[in-house]
Amino acid sequence: HGPPAALRCLLTGGGPLGREAAALARDGGWPLWTGWGMTETASHVVAGPVDSDWVEGVVGRPLPGVTIEIDPGSARLVVGG
C-alpha cells in the first residue's frame, strides 16, 4: 500500500538507512526523509529527502538555525542552534 494522502514526511532515524529499504519506500511513493541527531540535540539536527539523488550514508543538511563544526583540537562534533 502507498502512504496516506495526508502524510507529508516519513522521517527515518535510529540507524543507517539501507539502499534496499530506501528503494522500496521511494517505489511505493512514500515521502521519505533521512536524518541524524541524538538525544542531547532534541532529536534531529540534519535531514534530507531520500529521492533519486540520495546516496546511501548521506543524512542531509543542517536544519535551519543549526550549525555543525568539527573541533580541530579534539575531533569532536560541535552542534549549535
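For residue 37, what residues show an amide H to amide H distance below 5 Å, using hydrogens built from the backbone and excluding near sequence neighbours?
Long-range HN contacts for residue 37: 45.
Starting from the chain, pick out the trypsin sites (Lys or Arg not before Pro) whose DSSP state is loop and whose Cβ has at most 12 other Cβ atoms within 10 Å.
8, 76
Which whole-number value in Å³ per residue fits the convex hull of the alpha carbons of the chain?
115
Could you do me a favour and compute the accessible area per residue for the chain, 1.4 Å probe, result in Å²?
Each residue of the chain exposes 73 Å² on average to a 1.4 Å probe.
Kindly write out, for region 51-58 in residue order, the coupling ³J(HN,Hα) from the Karplus curve 6.51 cos²θ - 1.76 cosθ + 1.60 (θ = phi - 60°), rounded to whole Hz, with x marking Gly and Pro.
Calculated HN-Hα couplings, in order: 10, 5, 8, 5, 10, 3, x, 8 Hz.
What list of whole percents do you get for P(r) of region 1-42, with Cα-Cα distances grouped in 5 Å bins up to the one holding the largest distance?
5, 20, 28, 21, 13, 9, 3, 0
Would you work out what percent of the accessible area of the chain, with all protein chains in place, is carbon or sulfur (probe 1.4 Å)?
The value for the chain is 57 percent carbon and sulfur by accessible area.
Between residue 78 and residue 53, how many nm apart are label points set 7 Å from Cα along the C-beta direction?
3.0
Please identify the GluC sites (Glu not before Pro) of the chain that satisfy two criteria: DSSP loop assignment and at most 16 other Cβ atoms within 10 Å. Which are they?
56
The values are calculated or read from the model by the stated rules, or taken from the named source; none is laboratory data. Here the structure is a predicted model, which is why all the values come from computation and not from measurement. Backbone-built Cβ (ideal geometry, glycine too); neighbour counts: all protein chains shown. Ligands, DNA and RNA are stripped out before the accessible areas are found, and what is left, the full protein with its side chains, is counted by its heavy atoms. Shrake-Rupley method; radii C 1.70, N 1.55, O 1.52, S 1.80 Å.
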